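Here, each number is a calculation from the coordinates, and none is a lab measurement. All figures in this text were calculated on a predicted structure; none of them were measured in a lab. Here the Cβ positions follow ideal geometry from the backbone for every residue, glycine too, while neighbour counts run over all protein chains shown.
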Amino acid sequence: MSENTTESSNPVLTFEGKKYLISDLSNEIKESIKGLQIAETQLKMYEDTLKLLSISRNSLANQLREKLKSLE
């Protein structure tokens, strides 16, 4: 899903290969679009959070590995 702006400043929704003028859509459909945009934003945020947690976990594991080496 993406929104594009045409030369005449009429926003266009491109969804599953089809284009729709936003101004021609019902308020119910516009609300669905907003909900989908919010969901996509949240998914991206959580994907980024998972990446950071994974990096942190790996760093902690490396630190533990180094500390345990000193006990050997």
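Structure notes:
- Counted residue by residue at 0.36 nm each, then reduced by the alpha carbon distance between them, the extension gain from Gln63 to Lys51 reaches 2.5 nm.
- Using R0 = 35 Å, the C-beta based FRET efficiency linking Ile22 and Gln42 works out to 0.95.
- Here the 3J(HN,Hα) profile of segment 57-70, calculated from phi with Karplus coefficients 6.51, -1.76 and 1.60 at θ = phi - 60°, is 4, 5, 5, 5, 5, 5, 4, 4, 4, 5, 5, 5, 4, 5 Hz, Gly and Pro shown as x.
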